[in-house]
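The values are calculated or read from the model by the stated rules, or taken from the named source; none is laboratory data. Nothing here was measured: the structure is a model prediction, and the numbers come from that model. Glycine gets a Cβ as well: all are built from the backbone with ideal geometry, and neighbour counts include every protein chain shown. SASA here: full protein model, heavy atoms, side chains in, ligands and nucleic acids out. Shrake-Rupley method; radii C 1.70, N 1.55, O 1.52, S 1.80 Å.
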Amino acid sequence: MKLISVFTLSVLFIGSLLANDSVDSKVLDFEKNRFSKNKRVEIKDISVNLKKQMPQAGWFGYIIDLDVDFAGKNVKAKDVVFSNGELIAPELFDIKTGLALKDLMTPKLTKEYYKDKNLIAGNSNAKDKIVVFSDPLCPFCMDYVPDVINYVKKHDKSIALYYYHFPLLRIHPASNALTKLMALGKTKNIEDIELKVYNIDWDKYFNSRETNAEKILKAFNSEFKTNFSLDDLNSKEITNEVAEDIKMGEEVLVQGTPTIFINGEQDKSKLKYEKLGK
């Protein structure tokens with residue numbers, strides 16, 4: 001058998017790195033050119049947030065961070081593309097399985113997602129950590145989130161559950177006010193505010209398309225025997241808190257609810273939590 005020298009291995013390794021760097025540059029140049037075609041867009045910065053090798057030989061997925069000025073406003077966004085160095089695509093599907101490869105392009109959560117203020121059940125020192133992004137008026141969330149909370153409460157020494165507000169305002173405008181009221185209730189130490197909100201039948205007060213904040217505020221005060229005002233609801237502190245939660249979700253490409261992460265990895269099945277704590 002012919003031996004390969006250390007020098008030859010080094011050359012091959014460096015050549016591979018240079019090839020990968022070349023593909024990365026091609027992807028960034030393509031994205032720059034694509035967005036620059038819109039005269040209202042000025043690119044301030046563009047970079048690779050995450051690069052992941054796909055199961056298909058030669059293909060890589062990229063999450064691209066974009067910092068642009070659009071029509072006079074600064075916008076930070078993310079884009080997902082795939083490339084093999086010769087072709088680039090916004091989405092790829094596995095013919096055999098039908099799997100959208102974009103589903104594989106989810107960043108892992110960092111320790112920043114395990115903040116004490118977002119802990120709603122369990123033990124912050126637990127080995128297993130769950131993070132859920134949810135909208136209190138999402139029909140699936142209404143059934144799902146209470147189940148997760150109750151499960152963690154039964155295994156509160158071995159699991160930590162962190163909750164992030166992610167109102168889907170295009171579908172449920174009423175979530176704007178209700179989510180803020182949840183955050184407000186948390187600051188006033190209303191115990192188990194998340195579980196209680198999800199267990200209330202809000203339909204008897206308003207529907208999810210409601211935009212009258214006073215109507216939603218009145219319903220919340222009635223259920224929780226509070227006396228919150230519109231000023232409380234629209235305070236800068238509460239508004240910023242919800243906005244920060246949404247931003248944290250967007251950073252890891254959350255698009256719908258509920259979205260759940262188990263020990264940093266997004267769980268598409270939404271059922272893996274049931275195996276924790278046993």
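List of remarks:
- Residues in segment 254-278 that are open to solvent by less than 40 Å² (accessible area, probe 1.4 Å) and not in a loop (DSSP other than H, G, I, E, B): T259, I260, F261, I262, Y273.
- Cβ-Cβ under 7 Å pairs, at least 6 apart or on other chains, segment 107-119 side touching a residue at least 40 places away in the same chain (Cβ under 8 Å) and of a type in the set (D, E, K, R), far side open to solvent by 70 Å² or more (accessible area, probe 1.4 Å) and outside any loop (DSSP other than H, G, I, E, B): K108/E265
- Number of positions in segment 239-253 that are within 24 Å of K108 (Cβ to Cβ), out of contact with any helix residue (DSSP H, G or I) (no Cβ under 8 Å at 6 or more places or on another chain) and open to solvent by 10 Å² or more (accessible area, probe 1.4 Å): 7
- When Y198 is tested against the conditions (1) more than 30 Å from K278 (Cα to Cα); (2) touching a residue at least 60 places away in the same chain (Cβ under 8 Å), the lone failure is (1).
- Segment 181-238: number of residues that are open to solvent by 60 Å² or more (accessible area, probe 1.4 Å) and in a loop (DSSP other than H, G, I, E, B): 13
- Among the residues of segment 260-274, at least one is among the hydrophobic types (A, V, I, L, M, F, W, C), farther than 18 Å from P139 by Cα and under 23 Å from the mean Cα position of the chain (by Cα).
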